[in-house]
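Okay, so here's the structure we're looking at.
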Amino acid sequence: MLGAAALTSLAAMKSGAGRVTAAVPKGSNLTFQQKISHVVMTLPLAQTRTGAFSVKAYGQLKEIWDRFDAIAIGPGIGRLSTTGQLVRRVILDCPKPLVVDADALYALGAHADILLKAKGSRILTPHEGEMSRLTGTSIKRIQSVRLKIACDFARHYNCVLLLKGHHTVVASQKGLTYINTTGNSGMATAGSGDVLTGMITAFLGQGIEPFKAACWGAYLHGTAGDHAAKIKSKAGMIATDIIECIFYEK
């Protein structure tokens, strides 16, 4: 889903990233370049016969990931088994701060133990359904003890966990917690989570430590959504409206 990658990339640019590169399967590169703003660079990677990311893309990424300050993985990447293998290798081996979202969380699934061996800091940004898959806990249970679930996961898997939803929870492996109060129901729109991922990644790239980057991401994402709701209405808001309202001033 190229739109998801486009939203993440644009949100990162609007959040202070000096340069953003979107990695796409090589067969989709020209299409993505036409879809995305000229301020975003693209990186065509090896693909399978079906046009999905190939495991061979790992070698290409490994050669260049030292050029980047922070990396996001997941938005629009797909759920094929070969893509899942690629995702898990990147989560395990990449030395850079990594935001893991969307289909990358699906790929992580029952393999969360690789987080314990990861070579860099990891921020996971699941919604309640994704959290249920990661933990094997029912959505109903997660909804009843959101803070505890987030804290336990962050401590056990040595990561920062941002559990999306009403009053998003951020928990660190050191026991720090933050509950966000910005945002509104209009932000439950397609692509909103991809925008959040781009924002957090941009903050990581500017040197903000992972827990604070996730907290600031949640807060400013919600603030942008609140401004967008005033301009577009909650019912009419779409993800690009949130991007346009990042750091909005009257």
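Values in this text are rule-based calculations from the coordinates and carry no lab data. This one's a predicted model, so the numbers in the text were calculated from it and none came from an experiment. Here the Cβ positions follow ideal geometry from the backbone for every residue, glycine too, while neighbour counts run over all protein chains shown.
If you place +1 on the Cβ of every Lys and Arg and -1 on the Cβ of every Asp and Glu, how big does the dipole about the Cα centre of the chain come out, in debye to the nearest 20? Show your work: numbers first, answer last.
Working: 28 positive and 16 negative charges, 73 e Å.
With only Lys, Arg, Asp and Glu charged at Cβ, the dipole is about 340 debye.
Give the cross-link partners of Lys26 among the lysines, using a straight C-alpha distance below 19 Å as the criterion and excluding same-chain residues fewer than 8 apart.
Straight-line reach from Lys26, under 19 Å: Lys35, Lys56, Lys62.
If you take the charge dipole of the chain about its Cα centre, with +1 on Lys and Arg Cβ and -1 on Asp and Glu Cβ, which of Met187, Gly18, Gly236 is farthest toward its positive end?
Farthest towards the positive pole: Met187.
What is the gain in length, in nm to one decimal, between Arg133 and Phe247 on full extension, counting 0.36 nm per residue of separation less the C-alpha to C-alpha distance?
Working: separation 114, 0.36 × 114 = 41.04 nm, distance 3.36 nm.
Gain on extension, Arg133 to Phe247, equals 37.7 nm.
Using 1/(1 + (r/R0)^6) with R0 = 41 angstrom and r between the beta carbons of Asp69 and Asn184, what's the FRET efficiency to the nearest 0.05?
Efficiency, rounded to the nearest 0.05: 0.85.
Between Lys62 and Ile114, what length in nm is gained on full extension when 0.36 nm per residue of separation is reduced by their alpha carbon distance?
Here the answer is 17.0 nm.
Let me check the size of the chain from its C-alpha atoms; what are the radius of gyration and Dmax in Å?
Looking at the chain, its Cα Rg and Dmax stand at 16.9, 49 Å.
Relative contact order for the chain using alpha-carbon pairs under 8 Å, separation at least 6, rounded to a whole percent?
Here the relative contact order equals 19 percent.
Would you mind computing, in nm to one decimal, how far apart the modelled labels at Lys212 and Arg49 are, each placed 7 Å from Cα along Cα→Cβ?
Once both label points are built, they end up 5.1 nm from each other.
Rounded to the nearest 500 deg cm²/dmol, what is the calculated helix-only ellipticity per residue at 222 nm for the chain, with -39500 (n - 2.57) per DSSP H run of length n ≥ 4?
Details: 11 runs with 116 residues, N = 250.
Value at 222 nm, helices only: -14000 deg cm²/dmol.
FRET efficiency for Gln143 and Ile231, Cβ-Cβ distance as r, R0 = 35 Å, nearest 0.05?
0.70
Report for the chain the percent antiparallel among DSSP-assigned beta bridges with both residues inside it, nearest 5.
The answer is about 35 percent antiparallel.
Distance from the Cα centre of region 125-170 to that of region 38-70, in angstrom?
29
Take the alpha-carbon centre of region 189-222, take the same for region 76-110, and report the distance between them in whole Å.
Region 189-222 and region 76-110 have Cα centres separated by 18 Å.
Mean Kyte-Doolittle of at least -1.0 plus a Cα span of 15 Å or more along the axis: flag which DSSP H helices in the chain meet both, please. Don't jump to the answer; show the numbers that get you there.
On the way: long enough: 2-14 (18 Å, 1.27); 81-93 (18 Å, 0.15); 146-157 (17 Å, -0.31); 192-205 (20 Å, 1.14); 210-232 (32 Å, -0.13).
Helices meeting the span and hydropathy rule in the chain are 2-14, 81-93, 146-157, 192-205, 210-232.
What distance in nm lies between label points placed 7 Å from Cα along the C-beta direction at His166 and Thr240?
Taking the simple label geometry, His166 and Thr240 are separated by 3.1 nm.
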